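Input: a single structure, listed below in structure tokens.
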Amino acid sequence: MKKLFFIISLLIEVTALSFNLFAFSSVEEINKYLSKQNLILSEVDTLYYLADTTKFYDEYKIATEIYNIHTRFTPPESWEYYRIKVVKLLFSTMVIGDTLKKIGFFKDTLNYLVYQQNINVVLDSSDVYPNWYTVIIPDDFPSISGEIEVPVYLINELTLCIPKSNYNSGNTLGFFETSQKWGKTGDYPIKLIIERSFTDVKEDKSQNFDYMLYQNFPNPFNPDTRIKYTLKSSGRAKIIVYDLAGKEVNILIDEYKNAGSYEVTFTPKNLSSGIYYYKFFINNYMTAKKMIHLK
């Protein structure tokens, strides 16, 4: 009898879930609904610009005049935010015995470090060609958007294998010493496994009428912008500005506030142009909004 009751209950839940899903008009809306029900649809993609049939030189001599080579990986067009889960690298046999100290991900032509992970592993024969070396990225990797850059020279200029045929997808760039300019160069064996993130910073739709965070004005802004918020009950309020990598930029308020309406001015110093977001915390409530800073 208990088993029958369980089966009937399960069928009711599945039927209810199926009925609710018909109310949504897009995959994105369905994913958001399921995420709220703790039934998250995991979307995973592999970014790799070389053909799977590519042949490599495992040992080679190199005389290069190209520096700071890096591959720019772009997520699927419909993915606003994502996280890197795994990095796979095909090391040359010439780095056996060398130490892979760390790996980093960048933006803005290697000018901005998004994330860095210490490795400190001495590479042996099992870590190099023909085997792919796998780096698991912890779950604390921040949600990011747009292109992400991975340097090719992780140890030295002989770090990764070189393809026997020159593949140039246009996604690998380097600084050419002769011309003193950035240019496109051949691709290297780097794979990223990424997972779509639905933890975005879009306008909050939770209809919590005890607290209200308003869109900053003006937006885009330069040199400053104003942020208004309303409290119908008192509590310790925080407004913190973050960049797209989740790095804290500025704490605008962090103090006890009585019920009422307030306004705070954000005047950034030495802040580059780009998209930022500000999070509002009070008691057990949190919401966030985007803003754009233009220099």
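What follows is calculated from the coordinates using simple rules that are stated; it is not laboratory data. Keep in mind the model is a prediction, meaning the values are calculated, not measured. We place every Cβ from the backbone using ideal geometry, glycine too, and count neighbours over all the protein chains shown.
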Filtered GluC sites (Glu not before Pro), region 62-150: DSSP coil and at most 10 other beta carbons within 10 Å: Glu65, Glu77
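Based on the alpha-carbon gyration tensor of region 211-293, what equivalent-ellipsoid semi-axes (square roots of 5 times the eigenvalues) come out, in whole Å, largest first?
Details: eigenvalues 96, 34, 22 Å².
Each semi-axis is the square root of five times an eigenvalue, giving 22, 13, 10 Å.
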Reciprocal of mean inverse Cα separation for region 97-196 (Kirkwood radius, Å): 15.3
Whole-Å semi-axes of region 122-168's equivalent ellipsoid (Cα gyration tensor): 24, 18, 10
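Fewest to most neighbouring Cβ within 10 Å: what's the order for Lys181, Lys279? If you can, show how the numbers build up before the last one.
On the way: Lys181 8, Lys279 16.
Result, fewest neighbours first: Lys181, Lys279.
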All aspartates and glutamates inside 19 Å of Lys279 as judged from Cα atoms, apart from same-chain residues fewer than 8 positions distant: Glu80, Asp140, Asp200, Glu203, Asp204, Asp210, Asp224, Asp243, Glu248, Asp254, Glu255, Glu263
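In debye, nearest 20: dipole of region 44-196 around its Cα centre with unit charges on the Cβ of K, R (+) and D, E (-)? Can you show the working numbers first?
Numbers: 14 positive and 19 negative charges, 26 e Å.
That gives region 44-196 a dipole magnitude of about 120 debye.
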Exposure proxy order (Cβ contacts within 10 Å, fewest to most) of Asp52, Asp127: Asp52, Asp127
Pairs from Lys181/Lys289; Lys107/Lys290; Lys107/Lys232; Lys228/Lys295; Lys85/Lys232 whose Cα-Cα separation, in the structure shown, is over 29 Å: Lys181/Lys289; Lys107/Lys232; Lys85/Lys232
